[in-house]
Amino acid sequence: MVRRRSNKVHSVAPRAPSRDNPFDIYFHLQRVAVDDALREGPSERAIAALLDKAFDFADQLVQRWSAQAPVACSKGCSICCHVAVPTSMPELFSMIAGQRDALADSAMQRLSVALGDAVTRATGLSNRDRYRDRIPCALLDESGACSVYPDRPVACRTWLSSRVSECRSAFEARDPDRAVRMNSGVVAASNGIAFGLWTGLNEHGLDGRPIKLMDGALAVLGDTALLQRWCKSARMPDAIVDQEVLAGLRLVDHGTLAESVAFARSLR
Ligand code: SF4
């Protein structure tokens, strides 16, 4: 399995759903977790519950990966933090709430400025061009570590490498097409979590479209009423949606996704 460097999501070849396929297994698990969490409707508590599951699943994958191959990722290596990260509104609400609890007003102000600068730099760029321009995630701290590590999105949790040399080679060449070898099962399962989350939210009438990490974080930071509106099924601003990932889902996975939803339901 190989992955490209333009964003932290992987295309999935159309195929029939299967109980042996890691995508289907984790898609199903995450869909059920969304249903369970949203049984009494959307709320901050429901968001925390569904993310607990998503992060647990992601951490399971990391453990599985670690048992099969050495993980070369380490604190201070921020190469993959120059890749566009598709995330979701619950992940962003949780992340920004954590920052509000942890940071003083002045630090929140600095974060807002950093996010705004990065979003401005990336505006109008495709995810591939963004990678070529090496726009770092505004959530990196001065030492190159993730400042939201406990609350980082699923995509960041499962974006692992066993060969830093491959990551560095692509980064230095500014080449989003340079492949990095991956564990195919972990990639498929990671996609299953993401797709399960997006699909589950959509099926509950919430805006579950993939959201650009920095654009979404900036929007949540600047609008304290956004959470309430999202909970009432408001559509989020199109400008924060990762249209490339959304288009990819529709083009590549529409059939697979529909089949997987039916499959997930059949397992209950
Ligand atoms: S959220 Fe953290 S891990 Fe993810 S891209 Fe940003 S700095 Fe990197």
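Here is how the numbers come out for the structure above:
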{"quantity": "Ascending count of other beta-carbon atoms within 10 Å, so fewest first, for VAL119, VAL164, VAL85", "calculated": "VAL164, VAL119, VAL85"}
{"quantity": "Charge tally in the Cβ shell below 12 Å around ALA46, where Lys, Arg are +1 and Asp, Glu are -1, ALA46 excluded", "calculated": "-2"}
{"quantity": "Span from the segment 122-139 Cα centroid across to the segment 169-230 one, whole angstrom", "calculated": "15 Å"}
{"quantity": "Share of Cα-Cα pairs in segment 50-184 lying beyond 27 Å, as whole percent", "calculated": "22 percent"}
{"quantity": "Spatial extent of segment 97-171: Rg and Dmax, with the Cα atoms as the point set, Å", "calculated": "14.2, 39"}
{"quantity": "Residue exposure sequence - GLU172, GLU44 - by fewest surrounding Cβ within 10 Å", "calculated": "GLU172, GLU44"}
{"quantity": "Full-stretch length increase - GLN63, SER106 - with 0.36 nm per residue and alpha-carbon distance subtracted", "calculated": "11.8 nm"}
{"quantity": "Computed lengthening from ARG134 to ASP238, 0.36 nm per intervening residue step minus Cα-Cα distance", "calculated": "35.0 nm"}
{"quantity": "Label point distance in nm, SER43-SER126, each placed 7 Å from Cα along Cα→Cβ", "calculated": "4.5 nm"}
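Laboratory data are not the source of any read-out in this text; all were calculated from the coordinates shown. Quantities reported herein were computed from a predicted structural model and do not represent experimental measurements. FYI the Cβ positions are ideal-geometry reconstructions off the backbone, even for glycines, and counts take in every protein chain you see.
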